[in-house]
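Asks: Here you go, one structure.
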Amino acid sequence: MNEMATAASFVAKWRERWPEWSVAEAFVEPGQRAVAEAWFALLQEFHEAAWSGEDPTPGLAKLAWWHEELEGWAKGVRRHPLGQVLQRQPAHWSALARALNALPATRGVPAEEAAPGLANLAGAVAECEEALFGPSTEAAGTGGVPAVWQLAERALMTGDGPDVAWLLQHWPGPGGATRPRRLHAALVRRRLQALPGDGKAVPTRGWRVLLASWRAARGR
C-alpha cells in the first residue's frame, strides 16, 4: 500500500466516526478540505492515545512516538502517512509536539480540573490551525481552540455524564477560530447535546447537521 492510500485509511477512520462531516465540509474551502480532514484525523490519533483503553501504558508510548514524529516534521522528516498531507504545511509542529506532554495527566480527571492543564495544548492546536487554514474572517474574537473543545472529544469517547454537563455549561462562543474548527466544534456540541443515558455517542442526522454547519460557517 502506498503512502497516500495509507493516509487515506486514517482519514477514512476519522470520517467513519464523523459521518456528519460529509455535510459540514461543503462549508470548507475546496482547497482546504483534504488538509482539514487529515488534520482532524491526526488529532483523533492523539485523543485515542491519551484517553482510550483501560491500560494507559500503550497510549503513553504512542504519545511519545508522536512527540518524536512531530519534531521530525518540523525538520522536514516524516514517517507517518498523514505527514504526506500535513508535514509540508506551515504549522508549528514542534510546539504541538511539546504540548502533547499535557495529555497523560488529564486521563480520568474531571473536565473542570483537566481544562487548565490543557491550555498550552489548546494554544498549540489553535496556532497550527491558523497556519493551516488562515485566520477567521467571520467570527470576532481572539481565536483559539479552547480546552473545552478538546475535552469534549474525551467526553464523547467515555460518555461521562458529569463531564458532558460541565462542558455544555462552559461551551465557548466561536471566538476567532478557523472555519474548519468551528464546523467541527458544532458537530461535537450537537453530539454532546444528544448523548443518551447510556453514554454512547451517535451521529447527528439530517437538517440539524446542515443548520449547525451553516451557523458555524457564519461564526454564530
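The values are calculated or read from the model by the stated rules, or taken from the named source; none is laboratory data. Fair warning: this is a prediction, and the values are worked out from it, not measured in the lab. Here Cβ is always computed from backbone atoms with ideal geometry, including for glycine, and neighbour counts include all displayed protein chains. Heavy atoms of the whole protein, side chains included, go into the accessibility calculation; ligands, DNA and RNA do not. Shrake-Rupley method; radii C 1.70, N 1.55, O 1.52, S 1.80 Å.
Asks: What percent do you get for the relative contact order of the chain when only Cα pairs under 8 Å and 6+ apart count?
Replies: 20
Asks: Can you compute the helix-only [θ] at 222 nm over the chain? Use -39500 (n - 2.57) per DSSP H run of at least 4 residues, normalise by all residues, nearest 500 deg cm²/dmol.
Replies: About -18500 deg cm²/dmol.
Asks: Would you mind putting 121-128, 211-218, 178-185, 59-66 in packing order, based on average other-beta-carbon counts within 10 Å, highest first?
Replies: Working: 121-128: 22.0, 211-218: 18.2, 178-185: 26.0, 59-66: 16.2.
Output ranking for 121-128, 211-218, 178-185, 59-66: 178-185, 121-128, 211-218, 59-66.
Asks: Let me have the relative contact order for the stretch 1-103, percent, based on Cα pairs under 8 Å that are six or more residues apart.
Replies: Relative contact order here is 29 percent.
Asks: In addition: Please work out whether the chain counts as rounded, prolate or oblate from its C-alpha gyration tensor, where a ≥ b ≥ c are the square roots of the eigenvalues and a/c under 1.5 means rounded, while otherwise a/b larger than b/c means prolate and anything else oblate?
Replies: The shape class here is rounded.
Asks: Take peptides 153-163, 41-51 and line them up by average Cβ neighbours within 10 Å, highest first, as a rough protection proxy.
Replies: The packing order, highest mean first, is 41-51, 153-163.
Asks: How many percent of the accessible area of the chain is carbon or sulfur, using a 1.4 Å probe?
Replies: On the chain, the fraction of accessible area on carbon and sulfur atoms equals 53 percent.
Asks: How large is the accessible surface per residue of the chain, computed with a 1.4 Å probe and reported in Å² as a whole number? Write out the running numbers ahead of the final one.
Replies: Details: 10280 Å² over 220 residues.
So the chain comes to 47 Å² accessible per residue, rounded to a whole number.
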